[in-house]
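To keep things clear, I will list the structure first and then write my remarks on it.
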Amino acid sequence: MFATKSKVGLFLGLAVLATPAAALAAPLPADLAAAAHAYDAAQVNGDRAALERLVADDYVLVNGAGAVQSKAQLIADYVAPGFKLDPFTIEAPVEKVLGDTALLGGRVNLTGTDSGQRFALAVRFIDTWAKRDGQWRVVYSQVTRVVKP
């Protein structure tokens with residue numbers, strides 16, 4: 001299912017979980033850091049309710065295959081039977097807060113299981129967060145697969 005469904009781009013919304021290098025930058029606002037942590041956990045746990053809450057209704061993902069996906073498609077992929085994303089660490093984090101907008105991203109080595117098949121891939125991603133009605137939500141993500149040299 002992984003290769004046939006192009007889930008390469010699914011792995012995007014990986015915010016700032018366990019990123020020691022992030023400590024060198026100005027700290028994220030506490031509510032944004034909490035939302036980013038919750039988003040990472042929701043992806044790993046396939047938590048539909050949390051994903052529904054944290055992903056904006058007008059969300060757009062440009063996945064690693066260059067295809068565009070919606071919020072509904074993103075959530076369907078994460079909660080699909082037989083899909084499990086392993087916990088991950090974000091390397092070379094990118095954290096830019098510009099008022100009520102934030103860019104969070106980095107490089108991630110992703111592993112997991114999809115339809116009984118193990119997968120492993122490296123991606124660079126960027127998630128755009130917007131604070132709407134007092135809540136941080138992911139509004140846009142873009143993923144680029146890192147090609148092995």
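What follows is calculated from the coordinates using simple rules that are stated; it is not laboratory data. This structure is a prediction, so every number in the text was calculated from the model and none was measured. Every residue, glycine among them, receives a Cβ derived from its backbone with ideal geometry; neighbour counts consider all protein chains shown.
Observations, loosely collected:
- Summing +1 for each Lys or Arg and -1 for each Asp or Glu among the other residues whose beta-carbon sits under 13 angstrom from that of A72 gives -2.
- Each label was represented as a point 7 Å from its Cα along the Cα-to-Cβ direction; for S115 and V68 these points are 2.6 nm apart.
- Cα-based Rg of region 7-145 normalised by 2.2 N^0.38 Å, two decimals: 0.96
- Counting every C-alpha pair in region 64-122, the share spaced more than 18 angstrom apart comes to 54%.
- A full extension of the chain between D58 and A80 corresponds to an added length of 5.8 nm, given 0.36 nm per residue minus the alpha carbon distance.
- Linear extension gain, Q135 paired with A41, 0.36 nm per residue minus alpha-carbon span: 32.1 nm
- Cα-centred dipole magnitude for region 30-149, charges only on beta-carbon of K, R (+1) and D, E (-1), debye, nearest 20: 340
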